[in-house]
Amino acid sequence: MVRRVGRAGLLTLNRPRALNALTHAMVLRMAQALEVWVADPSVEVVVVRGAGERGLCAGGDIRAIHDDAKAGGGASAAFWRDEYLLNARIARYSKPYVALMDGIVMGGGVGVSAHGSVRVVTERSRVAMPETGIGFVPDVGGTYLLARAPGELGTHLALTGTAVGAGDALLCGLADHYVPSDRLDAFTDDLTREPVAEVLARYVQDPPAGELAEARAWIDPCYRAGTVEEIVDRLQGTGIPAAKETAEVLLGKSPTALKVTLAALRRARELGPLERVLEQEYRVSCNALAHPDLVEGIRAQVIDKDRNPAWTPPTLPEVRDADVERYFAPLGEGRELRL
């Protein structure tokens, strides 16, 4: 839903029964509104929020991706192209882009919020890139953001898909400010009348304490390892219950997705600006359509909900370097994303 109120352009993701999951039409509508508003001097701020009480956005419509991948169609690639273009537009938007990251903010929801210039979390925020659990790899600029988190926190979040609250989202650079959820309506209303800096000064509070800063004592040394197998070995060998539990979490994810995610993160650190990382992510995402783990992961987690995916191959040692490299292979003339 697109509205103009006072000095603000309001973008409301309005599919509350689907946790505001993004469709292609929603992505195109957001991009169109941003293009119009950037040229309109009466629009001084953009605010993006989610309808309902459960969250900003749970990600893309993965049921549609599942069906498209099974059919061998091109709808997912077309969706990702426009979605990643939108992510890049948000990151370089010339006006304040205020994202209200209340409740669930996952996958594509991170893409339409965490690249903004003013990112607000609440005590209800649960921010995550959970792609490895469905045989996929963090995208929408997620590898760019997580590669720049302190130490190896981003590697931990990318591989495990762990959802973090407000304090840890701030620590990891996924958000900027904490505002209690019961003040968001008033906060938004004031943004329609007053400059962003003045409104923030009145509403921003200290966030609840997070958990990751203390956990860096084992996260950083374990995730500095060169391979996923070694990361798991280090986690299991720490003698720390939380680390051992994390190893078990990793062993339940797609082995191929874990290895590709680690490679994508390490490469993202060297690629430079967001645009180059999005181009890499587009290759990885499109190539993932040809791997059985994506369809199987969505089936197990979302379609049948048996939570028992049969990964191909089923173990980390069986994933060869060549299997990983296939995800980064060029797509061919006219199919690459160029930003």
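The values are calculated or read from the model by the stated rules, or taken from the named source; none is laboratory data. Computed from a prediction, not measured in an experiment: that's the story for all the values here. All Cβ positions, glycine included, derive from the backbone under ideal geometry; neighbour counts span all protein chains shown. To get the accessible areas, we keep the full protein, side chains included, count just its heavy atoms, and leave off ligands, DNA and RNA. Shrake-Rupley method; radii C 1.70, N 1.55, O 1.52, S 1.80 Å.
Conditions tested, residue by residue: (1) within 30 Å of ARG89 (Cα to Cα); (2) in contact with a Leu (Cβ under 9 Å, 6 or more places away or on another chain); (3) of a type in the set (Phe, Trp, Tyr); (4) not in a helix (DSSP H, G or I).
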| site | (1), (2), (3), (4) |
| --- | --- |
| ALA247 | no, yes, no, no |
| LEU250 | no, yes, no, no |
| THR261 | yes, yes, no, no |
| THR312 | no, no, no, yes |
| PRO317 | no, no, no, no |
| ALA329 | yes, no, no, yes |
| ARG335 | yes, no, no, yes |
| LEU339 | yes, yes, no, yes |
**Message:** Anything in the stretch 11-55 that is in contact with a strand residue (DSSP E or B) (Cβ under 8 Å, 6 or more places away or on another chain), among the small types (Gly, Ala, Ser) and touching a residue at least 40 places away in the same chain (Cβ under 8 Å)? List them, or say none.
**Reply:** ALA21, GLY50, ALA51, GLY55
**Request:** For the stretch 197-221, enumerate the residues that are closer than 16 Å to ALA99 by Cβ, under 25 Å from the mean Cα position of the chain (by Cα) and open to solvent by less than 50 Å² (accessible area, probe 1.4 Å).
**Result:** LEU200
**Message:** With within 24 Å of VAL196 (Cα to Cα) and open to solvent by 50 Å² or more (accessible area, probe 1.4 Å) as the only criterion, which of ALA71, ALA39, ALA33 stands out?
**Reply:** ALA39
**Prompt:** Consider VAL118 against the criteria (1) open to solvent by 20 Å² or more (accessible area, probe 1.4 Å); (2) of a type in the set (Val, Ile, Thr); (3) within 30 Å of ASP220 (Cβ to Cβ): it satisfies all of them except one. Which criterion is unmet?
**Reply:** (1)
**Prompt:** Could you list, in sequence order, the residues of the stretch 261-276 that are buried (at least 16 other Cβ atoms within 10 Å of the Cβ) and not acidic (Asp, Glu)?
**Reply:** THR261, LEU262, ALA263, ALA264, LEU265, ARG267, ALA268, LEU271, LEU274
**Prompt:** When the stretch 277-330 is examined, which residues are found to be of a type outside the set (Asp, Glu), under 26 Å from ALA147 (Cα atoms), open to solvent by 70 Å² or more (accessible area, probe 1.4 Å) and free of Cβ contacts under 8 Å to residues at least 40 places away in the same chain?
**Reply:** ALA290, ARG320, ARG326
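Let's see how each residue does on (1) farther than 13 Å from ARG49 by Cβ; (2) part of a loop (DSSP other than H, G, I, E, B); (3) aromatic (Phe, Trp, Tyr):
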site	(1), (2), (3)
VAL105	no, no, no
GLY109	no, no, no
SER113	no, yes, no
VAL137	yes, yes, no
LEU146	yes, no, no
